[in-house]
């Protein structure tokens, strides 16, 4: 990784509280269905929130979103 990739993100996209919760759950080895069950919402709701998080972070994979969250100091729940 380059030094730029290792730096903590300086500009945090405006994530809703629920998007932050979903993002913190992505680092666990769980399915979207399991996240939905934990949060008492449907899988489609979580899927929509994940897509929104990816768009706001400018990433396209769960691994990239989790890496961004770690650099930003967002803890797993």
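Taken together, the values in this text are just the output of simple stated rules run on the coordinates, not laboratory data. This one's a predicted model, so the numbers in the text were calculated from it and none came from an experiment. Virtual Cβ from ideal backbone geometry, glycine too; neighbours counted across all protein chains shown.
Contact order, relative form, for the stretch 14-77: 44 percent (alpha carbon pairs under 8 Å, 6 or more residues apart, mean separation divided by residue count). Footprinting exposure proxy ranking of 50, 22, 30, fewest other C-beta atoms within 10 angstrom first, gives 30, 50, 22.
Among 60, 37, sorting on how many other beta-carbon atoms sit within 10 Å of each Cβ, with the fewest leading, yields 60, 37.
What shape does the stretch 25-77 take by its C-alpha gyration tensor, where a ≥ b ≥ c are the square roots of the eigenvalues and a/c under 1.5 counts as rounded, a/b above b/c as prolate, and the rest as oblate? Oblate shape, in that a/c is at least 1.5 and b/c is the bigger or equal ratio. Distance between the pseudo-spin-label points of residue 62 and residue 37 (7 Å out from Cα toward the beta carbon): 1.5 nm. Going from the fewest other Cβ atoms within 10 Å to the most, the residues 74, 35 appear in the order 74, 35.
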